[in-house]
Amino acid sequence: MRVDVVLARPSHIGRIARRMRDIDRIECEAMGHSPKMALREGLFNSTKVWTALVDGKPEAMFGLVVNSALTGTGVPWFLGTDEVYKHGKALLLWGPAFVSIIRDSSPRAANLVSADNFKAIRLLGKWGFVVHDDLQYHKGIAFRRFELAGVQ
């Protein structure tokens, strides 16, 4: 199996949305979005956005929405299928480049992750994010805040 990362395109959205991991779907719905809507908004609002292809098929989309270039705040995000998480080594390899791009654009990058999204929480930690223990609730779903290490 081959994993490639390419610039995201609108044509990638449908396949990922239809096959999105249950926990990612739950996160989207808790924030008031369908999977397709979340991916569309991510694609069109992000300054940087990529698609992970497994054997040429879109399996995840991830990017960075810059909230303020002046204050350096941004929102990193990652939504995918179960297939992409079968390629943990590839995910780990993307990390340093992804985090470097985030730091260059938004050194104060933070977002929320479902407290039950154990694979994503583990990956975030390996990529250098701090995942906090305090819980925030959205539509009854517990979330944990994460941010780039060294950022308050």
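The figures follow:
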item: One residue from Glu83, Glu29 being modelled with pLDDT under 95, farther than 20 Å from Ile101 by Cβ, open to solvent by 20 Å² or more (accessible area, probe 1.4 Å) and out of contact with any Leu (no Cβ under 9 Å at 6 or more places or on another chain); result: Glu83
item: Pairs where the first residue, in region 97-117, is more than 23 Å from His138 (Cβ to Cβ) and the second is of a type in the set (Lys, Arg) and outside any helix (DSSP H, G or I), C-beta under 7 Å, 6+ apart; result: Ile101/Lys48; Ser105/Lys48
item: All positions within region 33-76 that are in a loop (DSSP other than H, G, I, E, B), farther than 16 Å from Ala90 by Cα and in contact (Cβ under 8 Å) with a residue 40 or more places away in the chain; result: Thr47
item: Residue list for region 110-127, restricted to those being out of contact with any strand residue (DSSP E or B) (no Cβ under 7 Å at 6 or more places or on another chain) and either aliphatic (A, V, I, L, M) or over 16 Å from Gly80 (Cα atoms) (or both); result: Leu123, Lys126, Trp127
item: Failed item, numbered, when Arg122 is tested on (1) open to solvent by 30 Å² or more (accessible area, probe 1.4 Å); (2) in a strand (DSSP E or B); result: (2)
item: Subset tally (residues that are surrounded by fewer than 19 Cβ atoms within 10 Å (Cβ to Cβ) and within 15 Å of Phe78 (Cα to Cα)) for region 99-110; result: 3
item: Among residues of region 1-26, those that are assigned to a strand (DSSP E or B), open to solvent by 20 Å² or more (accessible area, probe 1.4 Å), over 15 Å from Pro76 (Cβ atoms) and among the hydrophobic types (A, V, I, L, M, F, W, C), counted; result: 3
item: Test for Leu91: is it over 23 Å from His138 (Cβ atoms) and open to solvent by 40 Å² or more (accessible area, probe 1.4 Å); result: no
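The values are calculated or read from the model by the stated rules, or taken from the named source; none is laboratory data. Computed from a predicted structure; not experimentally measured. Positions of Cβ are backbone-derived with ideal geometry, glycine not excepted, and every protein chain shown enters the neighbour counts. The area values use the complete protein model at the heavy-atom level, side chains included, leaving out ligands, DNA and RNA. Shrake-Rupley method; radii C 1.70, N 1.55, O 1.52, S 1.80 Å.
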